[in-house]
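**Q** Pasting a structure below so you can have a look.
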Amino acid sequence: MKITDVEVLVTSPGRNFVTIRIRTDEGVYGIGDATLNGRELAVASYLRDHVAPCLIGRNPFQIEDIWQYLYRGAYWRRGPVTMTAIGAVDMALWDIKGKALNVPVYELLGGASRNGVMVYGHANGQSVGEAVEAVGRYLDMGYKAVRVQAGVPGLKGTYGVGRGELFYEPAGEGLPAEDAWSTEKYLATVPELFARVREEYGRDVHLLHDAHHRLTPIEAGRLGRELEPYALFWLEDAVPAEQQEAFRIVRQHTTTPLAVGEIFSTIHDATLLLRENLIDYLRMTVVHGGGITHLRTAAAYAAVHHVRTGCHGATDLSPVTMAAALHFDLSIPNFGIQEYMRHTAETDEVFPHAYTFADGYLHPGDAPGLGVDYRDDVAERFPYRRAYLPVSRLEDGTMFNW
Ligand code: EZ4
Ligand code: CO
């Protein structure tokens, strides 16, 4: 089998997605997600202009060799644009192999290790009261785990607080929106939020929270400690993780489990975190972490250090990534939880998929390959629109972390 064509497809069914489709001389094709939120066209160009010409004529069954060729061969290793591009190619190759052999990808990865993949949804509200109510709606839908975020009084545009009920979508058209941030105001609301949620719904639900890279190590230690009575499943992105050593301080001050890694590009972003047991969940995912091939390396390294996975699964990760993550999650021994933000109906129409939700669990389905397709006829109705994630400033105007 030989690769004959590589297409890079850009569509915007409610938000932008970049997709790669790799065709072969035997008629089998595979698709992969190449979406990097707010920087989509950089990856599209990387794939179209630099990667596609090198793939033509190769044997798509040589997934590992092609991964090494793109990683080592670029000379310029790592980085989100490169690793997203490699991730997209890798997904498409696993899809091709599954379809050619007529098995779902999880069978190629060692087979199912569990019946389904526990997912968490995003409950949020402008106020603590609204967020508490939103948790109830997720429990009614069968979720066993819920992430909870509430607006911070006095701040414009808090991370994690959406406009609709199910579709939190931070990216917006036009130039980047500007949010305001105050750590003092934020820290004053979060413990109350979780106290209210536990009071209302009891102990029998996993609760998660995302601090989204906003805290210093000592502030994160304080928040983690104050949340201990509410027994969170995890506190996510407590501090920005460029400096892995910072997690030593957080760890010294709290037993709240810690998750990090949605913006990591390779396992090298997490080696110290894992070696020193500084985290509990690794959030790298297929699209931004170099594909299924590299995520297997990352998960294996994590397993040695008692760390489980908690793959990123926001709306900017397309249904192709969601499917790839589910095949991966189903197969590995140290799966923890999977984030699941539902896509809009338009997105699901562009990407018909075999995965299904029931009783708080997703299952990738048993269609050959990844079980996701791409409908050109629908995609063409939604041309690319420039969009950005927001930026964030302190109340005095200082640029901060979004
Ligand atoms: O901000 O995916 O846990 N989920 C998140 C997401 C990220 C977006 C960025 O593109 O942190 O909401
Ligand atoms: Co996050």
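**Q** Note the direction-averaged projected area, equal to a quarter of the hull surface, for the Cα convex hull of the chain, in nm².
**A** Values: hull surface 72.1 nm².
Approximately 18.0 nm², given one-decimal rounding.
**Q** Have a look at the DSSP beta bridges in the chain and tell me what percent are antiparallel, nearest 5. Before the final figure, lay out the partial values.
**A** On the way: 23 of 51 bridges.
Around 45 percent antiparallel, to the nearest 5.
**Q** Separate question: Using the heavy atoms of the protein chains and a 1.4 angstrom probe, tell me the accessible area per residue for the range 302-402 in square angstrom.
**A** On the way: 3940 Å² over 101 residues.
On a per-residue basis, 39 Å².
**Q** How many Å² of accessible area per residue for the range 3-104, probe 1.4 Å?
**A** Numbers: 3960 Å² over 102 residues.
That works out to 39 Å² per residue.
**Q** With every protein chain present, what is the per residue accessible area of the range 213-275 (1.4 Å probe, Å²)? Numbers along the way, then the final one.
**A** Details: 2420 Å² over 63 residues.
Accessible area per residue, the range 213-275: 38 Å².
**Q** Using packing as a proxy for protection, rank 236-243, 371-378, 15-22, 68-75 so that the peptide with the highest average count of other Cβ atoms within 10 Å comes first. Show your work: numbers first, answer last.
**A** Numbers: 236-243: 19.6, 371-378: 17.6, 15-22: 26.2, 68-75: 14.0.
Taking the mean over residues of other Cβ atoms within 10 Å, the ranking is 15-22, 236-243, 371-378, 68-75.
**Q** If packing is taken as the average count of other Cβ atoms within 10 Å, what order do 80-92, 114-126 fall into, highest mean first?
**A** Values: 80-92: 28.0, 114-126: 20.9.
Packing proxy ranking, top to bottom: 80-92, 114-126.
**Q** Output the relative contact order of the chain, whole-number percent, from Cα pairs under 8 angstrom with separation of 6+ residues. List each step's numbers first, then the result.
**A** Working: 913 pairs, mean separation 90.3, N = 402.
Contact order relative to length: 22 percent.
**Q** Mind ordering 143-150, 59-66 by average Cβ neighbours within 10 Å, highest first? Walk me through the intermediate numbers first.
**A** Working: 143-150: 24.2, 59-66: 16.9.
Top to bottom by mean Cβ count within 10 Å: 143-150, 59-66.
**Q** Based on the Cα atoms of the range 184-333, what semi-axes does the equivalent ellipsoid have, where each is the square root of 5 times one gyration tensor eigenvalue, given in whole Å with the largest first?
**A** On the way: eigenvalues 134, 66, 37 Å².
Semi-axis lengths for the range 184-333 are 26, 18, 14 Å.
**Q** May I pose another question? Which far-off residues, 5 or more places away or on another chain, put their amide H under 5 Å from the one on Val103, with H placed in the peptide plane?
**A** Those qualifying (amide H under 5 Å, at least 5 residues apart or on another chain) are Gly369.
**Q** Let me ask you something else. Leaving out ligands, DNA and RNA, what percent of the accessible area of the chain is carbon and sulfur, probe 1.4 Å?
**A** Within the chain, the accessible surface is 51 percent carbon and sulfur.
**Q** ³J(HN,Hα) across the range 316-326 via Karplus (A = 6.51, B = -1.76, C = 1.60, θ = phi - 60°), whole Hz, x for Gly/Pro?
**A** 7, 9, 5, x, 5, 5, 4, 5, 4, 4, 5
**Q** Mind checking the angle between helix 183-201 and the chain's longest principal axis? C-alpha axes, 0 to 90 degrees, to the nearest 10.
**A** In the chain, helix 183-201 runs at an angle near 90 degrees to the longest axis.
**Q** Please compute the contact order of the range 300-345 in relative form: average sequence separation of alpha-carbon pairs under 8 Å and at least six residues apart, divided by the residue count, as a percent.
**A** Values: 39 pairs, mean separation 24.1, N = 46.
With pairs under 8 Å counted, the relative contact order is 52 percent.
The values are calculated or read from the model by the stated rules, or taken from the named source; none is laboratory data. Being a predicted model, the structure only gives us computed values, none of them experimental. Ideal geometry is used to build each Cβ from the backbone, glycine not excepted, and the neighbour counts take in all protein chains shown. With ligands, DNA and RNA removed, areas are computed over all heavy atoms of the protein, side chains included. Shrake-Rupley method; radii C 1.70, N 1.55, O 1.52, S 1.80 Å.
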